[in-house]
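Colleague: Next up is a structure, given as structure tokens.
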Amino acid sequence: MGQTLSGKVAVVTGASRGIGKRIAEALIGSGARVGLLARSAEQLDRVQGELGNAAIAVVCDVADPASVDAAFAEVVRQFGRIDILINNAAVCQLQKVEHATDDDLRREINVNLLGPILCARAAIPHLRAAQGGDIVNISSESTSLPFPYLTVYAATKGGLETFSKGLRSELRPDRIRVTILRAGNTAESSITDTWPENTAKEFAMAVEVSGHRAFTGAPASPVTLAGALINVLSLPRDVNVDLIEVRSL
């Protein structure tokens, strides 16, 4: 991959594994330096070790305003600027709404919707100081086809897309682009890691009955998804790609 983003500094949330890690790899391969944000110091250190000096590991809970502000300040302290924000961190609880606990609901909404808002708020002054930049919010195909048991997750992603559209209008005068990257079923995703086995079985039966199973293809490659994102970020700054949807055939 060429050095199309040479000199740029990106922040990637949820960067310790899965799609976030692959996006960080692609950004570095394209010449950028990357602030890796996630909650697990151990996992972040491992990824940073793999990616080398072009990456720094910064522990951050995107649902905590103080943690977000401190993380962005640390990236700027070490790398001097921020040009790109990739809001990738997400929680996906598998449950019927009637069974959701207060803590489950707060965590999912706070990470998936409040988190990107807090990160965008922290990033905007730095993107403006760089005389333009990019915010990419990772969304999901579930916004157009909400699955049973994933209703709250789909609602948070729908909210994120609405936030993205409004933010794009706010930031256009500052030459800050806002893009929604809507991902389909993607390999290496850690989103199902915490799903209870019994509930997962119920979910499998529910999507057969509802017909959602027919719309779920084979997992797409996260490397391909990351490459598509690099192509968008590398476009001339007189265009904004509002939405890109990447899914397997």
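Colleague: Amide H neighbours of Arg182 under 5 Å, at least 5 residues apart or on other chains, H built in the peptide plane: list them.
Modeller: The answer is Ser139, Ile244, Glu245, Val246.
Colleague: Taking the Cα centre of the stretch 157-212 as the origin, how large is its charge dipole in debye, to the nearest 20, when only Lys and Arg (+1) and Asp and Glu (-1) carry charge on their Cβ atoms? Write out the running numbers ahead of the final one.
Modeller: Values: 8 positive and 8 negative charges, 112 e Å.
Dipole about the Cα centre, nearest 20: 540 debye.
Colleague: List the aspartates and glutamates whose Cα sits under 15 Å from the Cα of Lys8, skipping any in the same chain fewer than 8 residues away.
Modeller: Glu25, Asp83, Asp134
Colleague: Per residue, how large is the accessible surface of the stretch 76-228? Use a 1.4 angstrom probe and give square angstrom. The partial results should precede the final answer.
Modeller: Working: 7090 Å² over 153 residues.
Value returned for the stretch 76-228: 46 Å² of accessible area per residue.
Colleague: Which percentage, to the nearest 5, of the DSSP beta bridges contained in the stretch 66-218 is antiparallel? Don't skip to the end; give the middle numbers.
Modeller: Working: 0 of 12 bridges.
Approximately 0 percent, going by the DSSP bridge assignments.
Colleague: For a quick check of understanding: with a 1.4 angstrom probe and all protein chains in place, what accessible area in square angstrom does Thr143 have, to the nearest ten?
Modeller: Roll a 1.4 Å probe over it and Thr143 shows about 40 Å².
Colleague: Can I ask one more? Given the DSSP H assignment, sum -39500 (n - 2.57) over each helix run of at least 4 residues in the chain and divide by its residue total; what's the result at 222 nm in deg cm²/dmol, nearest 500? Intermediate values should be presented prior to the final figure.
Modeller: Values: 8 runs with 108 residues, N = 249.
Counting only the DSSP helices, I get -14000 deg cm²/dmol.
Colleague: Between (i) 45, 40, 34; (ii) 50, 42, 34; (iii) 51, 34, 34, which matches Cα extents along the principal axes in Å calculated for the structure shown?
Modeller: (iii)
Colleague: Ok, one more. Mind listing the long-range amide H neighbours of Arg177? Cut-off is under 5 Å, sequence gap 5 or more, other chains count too, H placed in the peptide plane at 1.01 Å from N.
Modeller: Gly133, Asp134, Ile135
Colleague: Compute the angle between helix 18-29 and the longest alpha-carbon principal axis of the chain, please, reported from 0 to 90 degrees and rounded to the nearest 10.
Modeller: Roughly 20 degrees between the two axes.
Colleague: So, one more: For the chain, which whole percent of the accessible surface, found with a 1.4 angstrom probe, sits on carbon and sulfur atoms? If you can, show how the numbers build up before the last one.
Modeller: On the way: 5980 of 11380 Å².
Carbon and sulfur: 53 percent of the exposed surface of the chain.
Colleague: Using only Cα atoms, locate the centre of the stretch 1-42 and the centre of the stretch 47-74, then give the distance between them in Å, rounded to an integer.
Modeller: For the stretch 1-42 versus the stretch 47-74, the Cα centre distance is 11 Å.
Colleague: So who's got an amide H within less than 5 Å of the one on Ala55, skipping anything under 5 residues away but keeping other chains? H placed 1.01 Å off N, in plane.
Modeller: Distant-sequence amide H within range of Ala55: Val34.
Colleague: May I ask for the net charge around Val9, where only other residues with Cβ less than 13 Å from the Cβ of Val9 are counted and Lys, Arg are +1 while Asp, Glu are -1? Don't skip to the answer; put the middle values down first.
Modeller: On the way: positive: Lys8, Arg33, Arg77, Arg81; negative: Glu74, Asp83, Asp134.
Within the 13 Å Cβ shell, the charges total +1.
The values are calculated or read from the model by the stated rules, or taken from the named source; none is laboratory data. Because the structure is a prediction, the values reported are computed rather than measured. Glycine gets a Cβ as well: all are built from the backbone with ideal geometry, and neighbour counts include every protein chain shown. The accessibility values were calculated without ligands, DNA or RNA, using every heavy atom of the protein model including side chains. Shrake-Rupley method; radii C 1.70, N 1.55, O 1.52, S 1.80 Å.
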